[in-house]
């Protein structure tokens, strides 16, 4: 089923890229905007893109420099794909398709079909090839985590909440082991409880490769001492682990076992997963609601909202160490 799903996604992606490759300069911009609508509404494609951008945070700055007439090139496939994404996105926001010349210096300004052909070769092809090659790459953990969230909330909510409620003292670690079990079944090889310069990371999984997976699992339940402050401490730990391992990406997986809701007031809150970028380290927040609500979402009373602002999250990474509530 998983293989069939990926094959279907690839087919749809290829079809839209072929449409872009066959477009004239007059309708290329319009079709490119349609392409982004498709990509943004596909969870697995969007997740792959999100992890690409987290691996290369300078993508937007580089695209703007290219638009300003400067030469910028990536040192590897990831950087090149990130730059290509930035350029494609920036061009899609333009009103005049002839502005394509701004991204291609030293070309004749009156040969728009030639310019669009070169534009596709320089930017569309490397971006497409990168996404296609990494769709089922187990190192791209973001897609796996999004599937884990849906699996927990749709099919395993009662089971996981019962696991937590049976012994809240050890429930967090038991839930973390469920996460690791799922990652392993999805082909992510890792070892649990490695050591880092910050000390022992009890709930961090590290892949047995040159690209460690930095992920930690926390429970949110203020009544049991797992409050917002506790999650801020978790962010601080994840951020420190990414620095220790010199990795660009970390994941804070939060099992919400309370009837309150978490809200992340951060710049990327509209994305599938909220995230914080700090010193070129991107930390994703994945909230999994396993509280067994007795009423459907439409009939529940307004829940208590616990908001975490970007300022307090970033501040927690540099503030003096404090004990969690």
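What follows draws every value from the coordinates through simple rules; no lab data is involved. Since this is a predicted model, take the numbers as computed values, not measurements. As a convention, Cβ positions derive from the backbone with ideal geometry for all residues, glycine included, and neighbour counts pool all protein chains shown.
When 4, 259 are ordered from fewest to most other Cβ atoms inside 10 Å of their Cβ, what list results?
Neighbour counts put them in this order, fewest first: 4, 259.
So what is the diffusion coefficient of region 2-134 in µm² per second by Stokes-Einstein at 25 °C and 0.890 mPa s, using a Kirkwood Rh over Cα pairs?
For these conditions, the coefficient is 163 µm²/s.
Taking all pairs of different Cα atoms in region 29-80, averaging 1/r and flipping that mean, what Kirkwood radius in angstroms comes out?
Radius from the Kirkwood sum: 12.5 Å.
Tell me the Kirkwood hydrodynamic radius of region 1-62 in angstroms, computed as one over the mean inverse distance between distinct C-alpha pairs.
By the Kirkwood definition, the hydrodynamic radius is 13.1 Å.
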